[in-house]
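Have a look at the structure below before the remarks.
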Amino acid sequence: MALPTADQRGIETALPPMSRLTKPMLFASPEECEQAFYEALENADIEAMADLWLQDDDVCCTHPGASRILGYSGVRASWAAILGAGALPIRTLARRSFESPTLAVTSLIEELVVQQGSVRQLVHVLASNAFVKTPAGWKMVLHTGAPAPQGQAVEAESPPGTVH
């Protein structure tokens with residue numbers, strides 16, 4: 001939809017809507033950036049996915065069962081390959097977060113349906129996301145996903161004492 005505006009002579013004209021190329025992706029919070037991440041998955045929108053990642057050589061993504069991918073170009077290419085297969089309906093559960101003024105880390109469970117041949121299966125992925133605050137808003141710098149044991153995630157309390 002075009003927005004009405006007045007030109008230099010005061011005559012009303014129509015401006016075209018802002019395109020993705022000129023519209024800045026400013027996320028006011030890590031929650032907004034994370035929501036945009038999951039919306040990009042659900043909509044198979046590689047451009048939205050690319051916009052929310054920090055363009056840096058040190059960003060990192062590890063897809064379930066895959067090797068670690070470093071750098072913006074590699075991360076973008078990996079999401080392009082995944083989203084090229086179509087939308088990825090996903091639901092997030094049990095979100096936990098840590099946030100400082102410039103860094104946020106979330107841990108959550110991703111629930112999705114995968115289809116292998118004629119069999120559809122509900123799968124849980126244990127995921128972590130990290131975001132940094134930049135002058136252009138919050139940006140994603142890390143996504144890791146690991147398959148939950150037996151495909152089902154359960155919440156576990158921390159054992160007392162040192163774990164590692």
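List the pairs whose first member sits in the range 125-144 and is among the charged types (D, E, K, R), whose second member is in a strand (DSSP E or B) and modelled with pLDDT under 95, and whose Cβ atoms are under 6 Å apart, counting only residues at least 6 apart or on separate chains? Hits for this filter: zero, empty list. Scanning the range 87-142 for residues that are in contact with a strand residue (DSSP E or B) (Cβ under 8 Å, 6 or more places away or on another chain), small (Gly, Ala, Ser) and more than 15 Å from Cys61 (Cβ to Cβ) yields a total of 4.
Among the residues of the range 71-92, are any in contact with a Gly (Cβ under 6 Å, 6 or more places away or on another chain) and among the hydrophobic types (A, V, I, L, M, F, W, C)? Within the range 71-92, none of the residues are in contact with a Gly (Cβ under 6 Å, 6 or more places away or on another chain) and among the hydrophobic types (A, V, I, L, M, F, W, C).
For Leu112, indicate whether it is surrounded by 15 or more Cβ atoms within 10 Å (Cβ to Cβ), under 13 Å from the mean Cα position of the chain (by Cα) and modelled with pLDDT under 95. The answer is no for Leu112. Six or more apart or on different chains, Cβ atoms under 6 Å: show the pairs whose first residue is in the range 66-89 and in a strand (DSSP E or B) and whose second is among the β-branched types (Val, Ile, Thr) and modelled with pLDDT of 95 or more. Matching pairs, first to second residue: Arg68/Thr62; Ile69/Val75. Are any of the residues in the range 113-120 of a type in the set (Val, Ile, Thr), under 18 Å from Glu34 (Cβ atoms) and without any contact (Cβ under 8 Å) to a residue 60 or more places away in the chain? No, the conditions are met nowhere in the range 113-120. Summed over the range 54-76, residues that are of a type in the set (A, V, I, L, M, F, W, C), farther than 18 Å from Lys139 by Cβ and modelled with pLDDT of 95 or more total 0.
The values are calculated or read from the model by the stated rules, or taken from the named source; none is laboratory data. Owing to the predicted nature of the structure, the values given are computational and were not obtained by experimental measurement. When we count neighbours, we look across all protein chains shown, and the Cβ atoms used for this are built from the backbone with ideal geometry, even at glycine.
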